[in-house]
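The values are calculated or read from the model by the stated rules, or taken from the named source; none is laboratory data. Predicted model, so just to flag it, every value in this text is computed and none were measured. Note that we place each Cβ from the backbone using ideal geometry, even for glycine, and neighbour counts take in every protein chain shown. The protein model used for the area step is the full one, side chains on, heavy atoms only, and it has no ligands, DNA or RNA in it. Shrake-Rupley method; radii C 1.70, N 1.55, O 1.52, S 1.80 Å.
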Amino acid sequence: MASSEFKPLDEKSLIEYIKNTPVLSNQIGNKFDELKIKEVGDGNLNFVYIVDSPDGSFVIKQALPYIRCIGESWPMSKERAYFEARTLKEHGRLCPEHVPEVYHFDHTMCLIGMRYLEPPHIILRKGLIGGFEYPYLAEHISDYMAKTLFYTSLLYLTTTEHKRVVAEFCGNVELCRLTEQVVFSDPYRVSQYNHWTSPFLDHDAEAVRENNDLKLEIAELKSKFCERSQALIHGDLHTGSVMVTSSSTQVIDPEFSFYGPMGFDVGAFIGNLILAYFAQDGHSDSTNDRKSYKKWILKMIEDTWNLFYEKFIALWDKHKDGPGEAYLPEIYNNPELRQLVQRKFMTDLFHDTLGFGAAKMIRRIVGVAHVEDFESINEASKRAECERKALEFAKMLLKNRRKFDSINEVVAAM
């Protein structure tokens, strides 16, 4: 169905939309009598509906022309829906096991119809708050990151193809500018959108704004974020953008996607695991001190990076004679030289990962849009204590990231 003009859908108008869109009505067997529609958009930007019937189900996601959690005072391009659908399809092609299928995209309505991740899938962040272990998490998320980042980079693509898709994704500039503001700018200045656990962290927030060493480091990372078109990154790969069961891991919500630095994705995920680690003391009680669970999170952090490293290098070795133009085979076919190149590439990527991860942690504590890991700790003083530990670690990591040679050293520092 091609709509003539944009209009936000509610539950009633959504039914009419589905009736007029065969690819969606077919998903529910064209039966509307027992149709259930539930709005579940708990994020910051969009409307999200679960459409469920005895014969099938799907999710509808519609972008609004403003930031939902702020309101119409902060306009935002609806075009982000196009880039989200485009990335879901591309990342789904590269890693279909861990990306939900897209059934339908309506450009005018800025609307995506996609697979419903049925229960017991839950948002990973909620699972981490609940203290649940996911035995395949590191295996799955490292697979997703290795494939999506390698195959969209110059390690696999020609420069002609790479430049073409970089140019296309430059269109998602408004979402990139939002990230620039909330991650790399606002925490380091007075901003109306910043907030923190006051009064406990008043001094801590001020210390971030007055720390010149942090500002030097964040400027370098902002420059990389804005200027380095390494791969098609998800752009917002935190633990709220991953849905899990004990055997399934699905990556959702890539509306911030663009061609950017690989470390921004890897860092976002690992940084959010670090936040979850420091939040655990706030969720402990007399029946569960969470100590063994904290060890499990540390293992997930180590395994995620180490597995990602192994898989990324394996893809590189497999395609060493492929079309990628970053390291031409006639120059780098010497195994010893290739290993040197790979080691330097992965060391730089590791330090980017730590820096971007730290930046993402800082913004979640003294910037806008905090994380439920901390927000669900009811006692403010206890919450602030957990947040302060995370903030201090993030500041140290941002300033000293180049001193770390392995993820094991990072975990030891935690």
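The residues neighbouring residue 235, those whose beta-carbon lies less than 9 Å from its own, together hold a net charge of -3 under the Lys/Arg +1, Asp/Glu -1 convention. For region 85-192, rounded, prolate or oblate, judged on the Cα gyration tensor with a ≥ b ≥ c (square roots of eigenvalues), a/c < 1.5 rounded, else prolate if a/b > b/c? Note, shape of region 85-192 comes out rounded.
For region 97-155, rounded, prolate or oblate, judged on the Cα gyration tensor with a ≥ b ≥ c (square roots of eigenvalues), a/c < 1.5 rounded, else prolate if a/b > b/c? Taking the square roots of the gyration eigenvalues as a ≥ b ≥ c, region 97-155 is oblate.
Residues of region 271-414: accessible area per residue at 1.4 Å, in Å²?
In whole numbers, region 271-414 has 44 Å² accessible per residue.
Among the listed pairs 126/360; 294/389; 163/311, a Cα-Cα separation exceeding 20 Å is found for 163/311. Compared with the alpha-carbon gap, the fully stretched path from residue 161 to residue 202 is longer by 9.9 nm at 0.36 nm per residue. Annotation note: GluC sites (Glu not before Pro) in region 336-414 located in DSSP loop regions with a Cβ neighbour count of at most 13 within 10 Å are 379.
Modelled label positions at residue 55 and residue 344, each set 7 Å beyond Cα in the direction of Cβ, lie 6.1 nm from each other. For region 291-307, the Karplus equation 6.51 cos²θ - 1.76 cosθ + 1.60, evaluated at θ = phi - 60°, returns couplings of 5, 5, 5, 4, 5, 5, 4, 4, 5, 4, 5, 4, 5, 4, 5, 5, 5 Hz by residue, with Gly and Pro reported as x. Among the GluC sites (Glu not before Pro) within region 35-84, not one is in coil by DSSP while having at most 12 neighbouring Cβ atoms inside 10 Å. The region of the chain that goes longest without hitting one of the chymotrypsin sites (Phe, Trp or Tyr not before Pro) in a DSSP loop, each with at most 14 other Cβ atoms within 10 Å, is 194-414. Dimensions of region 9-168 based on its C-alpha atoms, expressed as ranges along the principal axes with the largest first, amount to 51, 39, 36 Å. Lys-Lys pairs in region 8-110 that are eight or more residues apart or on separate chains and whose Cα atoms lie under 23 Å of each other come to 16.
Computed over the alpha carbons of the chain, Rg followed by Dmax gives 21.5, 66 Å. The GluC sites (Glu not before Pro) of region 157-242 meeting both criteria, a DSSP state outside H, G, I, E and B (loop) and at most 16 other C-beta atoms within 10 angstrom of the site's C-beta, are 210. The alpha-carbon of residue 318 sits under 21 angstrom from the alpha-carbons of these lysines, leaving out residues fewer than 8 places away in its chain: 147, 344.
Annotation: amide H of residue 231 within the under-5 Å range of 260, 262, sequence separation 5 or more or interchain, hydrogens built in the peptide plane.
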